[in-house]
Amino acid sequence: MGETAQHPAAALPDDDCAGAILTIDLDAVKSNYAYLNAQTADAVRCAAVVKADAYGLGAARVVPALYDAGCRFFYVACLDEALAFPGFFDTFPNDITVAVFDGLLPFSAFDAPGWILPVINTPDGLYKQAEKAGRLGRALPAILHVDTGMNRLGVSMRELDDILSDGVPDGVRIVQVMSHLACAEEQGRDMNERQLGRMRDVAARFPDARACFANSSGIFLGSEYHFDMVRPGCSLYGINPVPARDNPMRQPVTLEARVLQIRDAEQGETVGYGATHGFDAPAKLATLSLGYADGYLRCLSDRGRAFVGEQAVPVVGRVSMDLISVDITGISGTNLKVGDMVEILGAHQTADDIADDADTIGYEVLTSLGQRYRRRYTG
Ligand SMILES: *Cc1c(COP(=O)(O)O)cnc(C)c1O
């Protein structure tokens, strides 16, 4: 009575039972870091933005890979992302700095470890940081984010004047001034130069602080945008930093979905929810093991594509939570069968390509990558 059934310890399921497989090539991430670092002068440091779980690729593996590639300065969006860092290493290196963009730290009583650097986005944040320093009885370093035109986060140029006329409060050491470009991926926009002018002014007013301005695309606007440190994110993960030119970045992400079933649709039949896609002629369909719950955006219904070898096959009907259907009528010579893998992201179709089909940006495609893929890391 009351005995619990004893189940044998489950063996790790084999990869051939995994529905969709996400493979991240860490060598490609490292080589992208080296490529970006090589775009700037030796004196300019290259940081890495690893917010949102390294844009969906998995910060736990990407951060140590970037550290191996020489990166020592990381940016995340919120405190919890920074606090995860020690868990990424067997022995946490003592030369890492992690900056937190969101600006909340000065408002919290949390005495952050020395490797976490808060970003201050408001005058109030600056004075709160000073109070905190007073309470803790030691000077606290911080990054001051100045808004140069984005109007999103950061103290305004006017607020900066006020801050400087009163003087930066004792106890706060501004070790970095940063700002963010609104239109960096569009090389001809006046906005870039306007922001650059303001950033020069900011940097000149903090001669002892390091100045950091350029995101991925900003690096390619020219060396005057580099200042003391650059902070690429998306390009590390394969997104094209200059959409008007060929993508120089390597593609670290491969996503394959498994063929779960192959079916014949008769003329006059439909496929999927809402019966939105009909067939005027007999068709052959493959049902694949991924859906919107995996970050395969539902707006790719009747718009996305998958690749069987070299051949593109269209998504037909609506994207379901766990499944999509592709029309394989037109492909030849592949003998596609149940259990085979079909490419969703990879050599034939990048996150930027999917983003074009989905009317969004590659960033959203990558950061939507779901949690239930079998993940493999190589390199
Ligand atoms: C996300 C982010 C970056 C990185 O931008 P990418 O376009 O991904 O290179 C840099 N700076 C700030 C403030 C950001 O929010």
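The values are calculated or read from the model by the stated rules, or taken from the named source; none is laboratory data. These numbers were taken from a predicted model, which means no experiment stands behind them. In this analysis, Cβ positions are derived from the backbone assuming ideal geometry, glycine residues included, and neighbour counts consider all displayed protein chains. We work out accessible area using only protein heavy atoms, side chains counted, and drop any ligands, DNA or RNA first. Shrake-Rupley method; radii C 1.70, N 1.55, O 1.52, S 1.80 Å.
Odds and ends about this structure:
- Yes/no for His180 being within 16 Å of the ligand (Cβ to nearest atom) and assigned to a strand (DSSP E or B): no
- Single match in Gly188, Gly197 (criterion: open to solvent by 30 Å² or more (accessible area, probe 1.4 Å) and at pLDDT below 95): Gly188
- Looking only at the stretch 256-269, residues that are more than 23 Å from Leu22 (Cα to Cα) and open to solvent by 70 Å² or more (accessible area, probe 1.4 Å) come to 5 in all.
- For the stretch 113-163, taking the residues that are surrounded by 15 or more Cβ atoms within 10 Å (Cβ to Cβ) and among the hydroxyl-bearing types (Ser, Thr, Tyr), the one that is nearest to the ligand (Cβ to nearest atom) is identified as Thr148.
- Verdict on Leu236 being assigned to a helix (DSSP H, G or I) and buried (at least 16 other Cβ atoms within 10 Å of the Cβ): yes
- Pair list, Cβ under 6 Å, 6 or more apart: the stretch 112-132 residue of a type in the set (S, T, N, Q), other residue assigned to a strand (DSSP E or B) and open to solvent by 10 Å² or more (accessible area, probe 1.4 Å): Asn121/His145; Gln129/Leu140; Gln129/Val172
- All of Asn247, Asn215 fail the test of being within 30 Å of Gly330 (Cβ to Cβ), within 16 Å of the ligand (Cβ to nearest atom) and in contact (Cβ under 8 Å) with a residue 24 or more places away in the chain, apart from Asn247.
- The residues of the stretch 22-71 that are open to solvent by 10 Å² or more (accessible area, probe 1.4 Å) and of a type in the set (Val, Ile, Thr), listed by number, are Thr23, Thr40, Val44.
- Meeting the requirement of 3 or more residues that are farther than 23 Å from Arg250 by Cβ and of a type in the set (D, E, K, R), no strands (runs of 3 or more DSSP E) wholly within the stretch 287-376 can be named.
- Scanning the stretch 331-379 for residues that are of a type in the set (Phe, Trp, Tyr) and open to solvent by 30 Å² or more (accessible area, probe 1.4 Å), we see that the one that is farthest from the ligand (Cβ to nearest atom) is Tyr377.
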